[in-house]
1. Which ones in the range 319-351 are more than 23 Å from residue 414 (Cα to Cα) and acidic (Asp, Glu)?
2. I'm checking my understanding of the structure. Among residues of the range 339-355 that are in contact with a strand residue (DSSP E or B) (Cβ under 8 Å, 6 or more places away or on another chain) and surrounded by fewer than 20 Cβ atoms within 10 Å (Cβ to Cβ), which one is nearest to residue 291 (Cα to Cα)?
3. Give me the pairs: first residue in the range 61-81 and closer than 13 Å to residue 281 by Cα, second residue basic (Lys, Arg) and outside any loop (DSSP other than H, G, I, E, B), beta-carbon distance under 8 Å, and six or more apart or on different chains, which are they?
4. Tell me, which residue of the range 257-272 that is outside any loop (DSSP other than H, G, I, E, B) and over 28 Å from residue 119 (Cα atoms) is modelled with the lowest pLDDT?
5. Pick from 531, 508: which is part of a strand (DSSP E or B), within 25 Å of residue 462 (Cα to Cα) and hydroxyl-bearing (Ser, Thr, Tyr)?
6. Of all residues in the range 483-503, which are in a strand (DSSP E or B) and either touching a Pro at 6+ places or on another chain (Cβ under 6 Å) or aliphatic (A, V, I, L, M) (or both)?
7. Checking residue 302 against (1) over 15 Å from residue 477 (Cα atoms); (2) free of Cβ contacts under 8 Å to residues at least 40 places away in the same chain, only one condition comes out false. Which one?
8. Could you tell me which numbered condition residue 429 fails, if it satisfies all but one of (1) free of Cβ contacts under 8 Å to residues at least 24 places away in the same chain; (2) hydrophobic (A, V, I, L, M, F, W, C); (3) crowded, with 23+ Cβ neighbours inside 10 Å?
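The values are calculated or read from the model by the stated rules, or taken from the named source; none is laboratory data. Owing to the predicted nature of the structure, the values given are computational and were not obtained by experimental measurement. Note that each Cβ is placed from the backbone with ideal geometry, even for glycine, and that neighbours are counted across all protein chains shown.
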Amino acid sequence: MVSIAILHYNVEFFITGEFQQISDVRSVADIRKENMNKYTVQVESGHIGKNGRPSVGPVYRSSLSKDGFPPLDPGMDTSWQIFRHAVENYPGNKMLGWREFREGKAGPYIWKTYQEVYEEVLCIGSALRQLDVAPGSRVGIYGANCPQWVVTMEACNGYSLICVPLYDTLGAGAVDYIIEHAEIDVAFVEQKKVRLIVPSDGQGTRLKSIISFTTITPEESCSAAAFGIKAYSWHDFIKMGKEYPSEPLPPRPLDICTIMYTSGTSGTPKGVILTQETHASYVKGVDLFMDQFEDKMTADDVYFSYLPLAHILDRIIEEYFFHKGASVGYFHGDTLALGDDLVELKPTFFAGVPLVFERIHRSILKTVAELRPLRRLIFDLLYKYKLHWMRLGYSHKSASPLADLLAFSKVKARLGGRVRLLVSGGAPLTPEVEEFLRVTTCSFVTQGYGLTETCGQVSVAYPDDHSLLGTVGVTLTYTELRLEEVPEMCYDPLAEPSRGEICVRGKTLFSGYYKNPELTKEVLKDGWFHTGDIGEISSDGILVIIDRKKNFFKLSQGEYVAAEHLEKVYSSVDIIEDIWVYGNSHRSMLVAVVVPREDNTKKWALLSGLKGAFTELCALKELNEHILEELKLAAEKNKLRSFEHIRGIVVDPVPFDVERDLVTPTMKKKRTQMLEYYLVDIEKVYGKLLPCQKIFSIMLYEVILNPS
């Protein structure tokens with residue numbers, strides 16, 4: 001009762017104007033203007049295109065680099081030097097943590113120190129030298145995040161080998177392609193992946209050796225031997241390194257550190273070449289960025305790693321943590337039980353893709369909805385109260401300690417209780433979800449933008465700056481940004497607002513695509529990497545992702561459609577979990593495949609007097625009609641043009657997933673594969689919409705007549 005009384009007093013105090021002394025409080029616009037003067041500098045002006053070249057916008061750089069990119073610290077210009085420096089300075093610190101299973105349950109975290117990891121690295125590197133793996137050779141790593149993954153990665157760094165991640169989520173087909181394309185002779189493999197990497201009957205491979213992260217069964221060893229592959233357990237390989245020690249062969253700054261294959265949204269994987277200096281520059285850039293804040297990262301911080309190490313975001317964050325002498329704990333393998341890992345590990349920092357944070361958001365809302373009415377009212381009042389002060393420029397810590405104590409500390413506890421920073425990447429996080437997490441998690445929440453080709457984030461929003469909500473922030477330390485005109489999509493970087501293709505230049509850029517000079521020349525022009533993403537940038541250098549250059553098509557009446565923009569608009573409909581918008585130059589109207597949100601679909605069914613399992617509800621004509629009506633209302637609310645309205649839909653109860661090859665591991669839609677998968681259903685929808693027209697093969701149109 002005392003807590004409720006305190007709440008009542010504070011809320012009334014706020015509502016009745018007793019806080020009217022906010023004349024001293026700066027407006028969000030003032031704060032934003034002031035901060036942007038500190039965050040960015042414009043180093044070049046934009047100019048109109050001539051002689052067939054597109055117009056370009058101004059060039060923006062971080063204020064940390066206003067006088068040029070800062071030099072790297074002496075002796076810290078390779079990934080190997082960063083690791084060695086950490087071992088020398090923090091030998092006894094916990095470095096890598098994992099959970100072992102006991103009686104079918106994950107136990108507490110077990111840790112290896114920096115010194116222990118270093119000793120294993122030397123053993124692995126020495127054993128590779130014993131196998132005559134020469135400097136510059138490519139070494140594959142295939143498996144989920146674990147200490148052995150990082151030990152192998154650091155052994156590659158220390159002995160001038162090139163680490164090539166084999167995507168754990170792409171399946172054996174892509175793995176076989178990468179092995180052949182990158183000419184990999186030796187691969188380190190998670191035990192349960194051994195059977196996937198050993199050829200089946202009638203197939204060949206260039207692999208000569210595989211090393212299991214744990215053990216090798218006699219059957220697996222015999223199966224590998226049948227194809228001339230020598231199989232080792234982790235223990236046996238470590239033992240070989242101890243028996244035949246070899247000194248490290250440190251790399252040079254411009255040596256290749258990794259060839260990281262990107263899944264892409266179409267075609268075969270592309271091998272992105274990243275040098276040792278590129279990795280070192282990124283780590284230094286993050287260090288300079290983080291050093292601006294009072295709440296700094298230290299050796300006491302703990303990172304929760306569950307995004308694949310085969311992706312650049314997780315890997316580069318881990319390298320930054322190693323630089324700080326901090327700890328990295330790995331999830332135990334079940335993405336549906338991340339909450340258990342969080343409570344056990346108690347991390348201070350973790351990164352994720354929007355899908356993960358949207359699930360956290362929905363989980364919190366579901367818990368709040370189940371509260372008694374009075375407690376729910378209290379939560380809502382506290383939320384609005386804290387949000388008000390955050391919008392006026394107060395930090396999440398000072399906006400309302402009372403609200404944190406009464407309500408939001410419980411949310412923080414579900415994330416382990418110590419989280420200080422949440423970072424979203426891979427795709428834009430909606431402003432609604434970002435704002436909600438900023439208020440309720442009692443931690444800094446930010447998002448950034450980057451690609452494998454940029455060795456991680458190019459831009460990032462400053463933590464706790466509410467004026468950057470819904471954006472991907474401003475340029476990081478070692479990058480420059482500008483927009484380039486895309487006339488076919490009517491994007492002009494010299495107009496207001498400034499919009500165009502995002503182009504990146506700087507010290508964290510990739511060197512090119514492995515064995516693909518044609519594609520390299522296509523995207524690297526005059527030192528600028530053309531990302532294919534469409535951005536909007538303000539006069540003070542704030543970037544927002546609005547579209548994808550290749551995610552547009554022309555309808556039969558000649559109108560261009562930006563599919564990704566429409567998907568963002570329509571995703572705001574409460575009953576929709578995900579949506580894919582489709583059309584082509586031989587059709588005059590749009591259709592879509594919709595994945596409904598299960599909980600909201602069941603609520604609709606209950607109100608409509610309909611019963612059945614979720615899959616049964618998704619097959620109902622009534623649901624199809626209801627979703628179409630909701631899409632129409634969303635289109636009208638957002639003032640979409642008539643040709644941007646969805647006229648017919650396919651309802652799929654199963655979310656778009658990697659298993660069906662419909663999305664990439666970072667949840668980007670693979671549109672060509674989606675078209676192939678849903679082709680028959682789409683033809684049926686168009687058949688109902690256009691009964692008098694002859695139904696041609698949409699797949700033929702897309703692949704042959706309209707390849708873009």
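1. The answer is 319, and nothing else.
2. Here the answer is 346.
3. Qualifying pairs under 8 Å: 70/284; 72/284; 73/284; 76/284.
4. First, pick out the residues of the range 257-272 that are outside any loop (DSSP other than H, G, I, E, B): 257-262, 270-272.
From what is left, the residues that are over 28 Å from residue 119 (Cα atoms) are 261-262, 270-272.
Working: 261: 93, 262: 85, 270: 91, 271: 95, 272: 97.
This residue is 262.
5. The conditions single out 531.
6. Within the range 483-503, 483, 484, 486, 500, 502 meet the criteria.
7. (2)
8. Unmet for residue 429, out of (1) free of Cβ contacts under 8 Å to residues at least 24 places away in the same chain; (2) hydrophobic (A, V, I, L, M, F, W, C); (3) crowded, with 23+ Cβ neighbours inside 10 Å: (1).
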